[in-house]
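First comes the structure, then the notes that go with it.
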């Protein structure tokens, strides 16, 4: 992937989708929430805050629980590695961070945690 493609705003969402498929640890009955109005009030506020901060987000549910992932592409680290690098946060439905870290996509749908 060329760095110009990494810098395109729409590409962060595609990268986050790839990350969730590869590392999301979702059950087989989980599905993406397309309509942000279906988020819990806490996650709705969090999603808006992430958007305001220049991040993209995706939400998933298995109808028992709900998760929100937010990310921003790190252009500096992407340039250093020549590969897409993202700062990713995963929140539970109450808005608590379940996991966060810096990840690099080494191949399509293949992500590795960066040594921070």
Subject >> Residues of segment 67-110 that turn out to be within 15 Å of residue 55 (Cβ to Cβ) and over 15 Å from the mean Cα position of the chain (by Cα), as a count >> reply: 1
Original post:
In this structure, is residue 21 in contact (Cβ under 8 Å) with a residue 24 or more places away in the chain, within 15 Å of the chain's Cα centre (by Cα) and in a helix (DSSP H, G or I)?
Top reply: yes
Original post:
Taking segment 10-23 on its own, how many of its residues are touching a strand residue (DSSP E or B) at 6+ places or on another chain (Cβ under 7 Å) and under 15 Å from residue 90 (Cα atoms)?
Top reply: 9
Original post:
Residues of segment 76-93 being modelled with pLDDT of 95 or more and within 20 Å of residue 45 (Cα to Cα), which ones?
Top reply: 87, 88, 89, 90, 91, 92
Original post:
Is it the case that residue 75 is more than 18 Å from residue 34 (Cβ to Cβ) and either surrounded by 21 or more Cβ atoms within 10 Å (Cβ to Cβ) or in contact with a strand residue (DSSP E or B) (Cβ under 6 Å, 6 or more places away or on another chain) (or both)?
Top reply: no
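The values are calculated or read from the model by the stated rules, or taken from the named source; none is laboratory data. As the structure is a computational prediction, the values presented were derived from the model and not from experiment. Backbone-built Cβ (ideal geometry, glycine too); neighbour counts: all protein chains shown.
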